[in-house]
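The values are calculated or read from the model by the stated rules, or taken from the named source; none is laboratory data. These figures come from a predicted structure and were not determined experimentally. Using ideal geometry, Cβ is built from the backbone for each residue, glycine included, and neighbour counts are taken over all protein chains shown.
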Amino acid sequence: MSSPPESGPTLDAASPLPPEIEAAADEPTRVPLAIEDWATVVIMGLLACITFTNVVVRYFTDSSFAWTEEFSVFLMILLAMVAGSAAVARDRHIRIEYFAESGSMNRRKRLAQFGALMVALLFFLIAALSVRVVWDDYRFEETSPGIGVPQWWYSIWLPVVCFAIGLRAVGLFIRRGREWRAQETGE
């Protein structure tokens, strides 16, 4: 009698996760990462529905909805910003690995904290400056070029999401500091 072929490592409650799965797991955060994940799902769903509807209408009527392009561009920009927030929270933002992963452990720790601090400062600055843009859009009653809705309906999301990214970067800065203090004290 032959034994069944091995299909790879099995997982039970006592065994640790394989390194590739453990590395992909999100570290715990005070504000759930599911917020960005669900926002991404909703935005992608809206984009798919809008695009599909426009294609069907264009196929059967030889005309398209005027609002779809403007709204799709807005949703793609919002999607990029929400994804940026998720990347910062998961510490998956762009960096030069040669500098980030070289040198002593203390240097790497400080560079990681410095990077998180700079991301936070940048996005808090963008959030503060974009409030003026939103205010000007509202005050001067700017309308969107495609369908003529108030422009601030679109621009209000820039300071909101930039502020959220800044908070995620602050959270990353704090988590890295706690993590390394715990490693130094042997907890």
Report summary line: Here the qualifying pairs (Cβ atoms under 8 Å; residues six or more apart or on different chains; first in the range 57-85 and loosely packed, with under 15 Cβ neighbours inside 10 Å; second among the hydroxyl-bearing types (S, T, Y) and not in a helix (DSSP H, G or I)) come out as V57/S63; V57/S64; R58/S64
Report summary line: By residue number, the members of the range 57-101 that are among the aliphatic types (A, V, I, L, M), within 19 Å of L167 (Cα to Cα) and touching a helix residue (DSSP H, G or I) at 6+ places or on another chain (Cβ under 7 Å) are L78, L79, M81, V82, A83, A86, V88, A89
Requested in this report: Grab the helices (runs of 4 or more DSSP H) fully contained in the range 67-142, keeping just those with 2 or more residues being of a type in the set (S, T, Y) and modelled with pLDDT of 90 or more.
Outcome: 67-89, 105-139
Query - Among residues of the range 26-63, those that are outside any helix (DSSP H, G or I), of a type in the set (D, E) and either touching a Cys at 6+ places or on another chain (Cβ under 9 Å) or closer than 30 Å to R178 by Cβ (or both), counted - result: 2
Report summary line: Scanning the range 38-50 for residues that are surrounded by fewer than 14 Cβ atoms within 10 Å (Cβ to Cβ) and of a type outside the set (A, V, I, L, M), the one farthest from V82 (Cα to Cα) turns out to be C49
Query raised in the report: Taking the condition modelled with pLDDT of 90 or more and loosely packed, with under 15 Cβ neighbours inside 10 Å, does M1 pass?
Result: no
**Report entry** Hits in the range 143-177 - residues which are part of a loop (DSSP other than H, G, I, E, B) and within 19 Å of the chain's Cα centre (by Cα)
**Finding:** I156
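Looking at this structure, is G115 closer than 19 Å to V31 by Cα and either surrounded by fewer than 17 Cβ atoms within 10 Å (Cβ to Cβ) or not polar (S, T, N, Q) (or both)?
no
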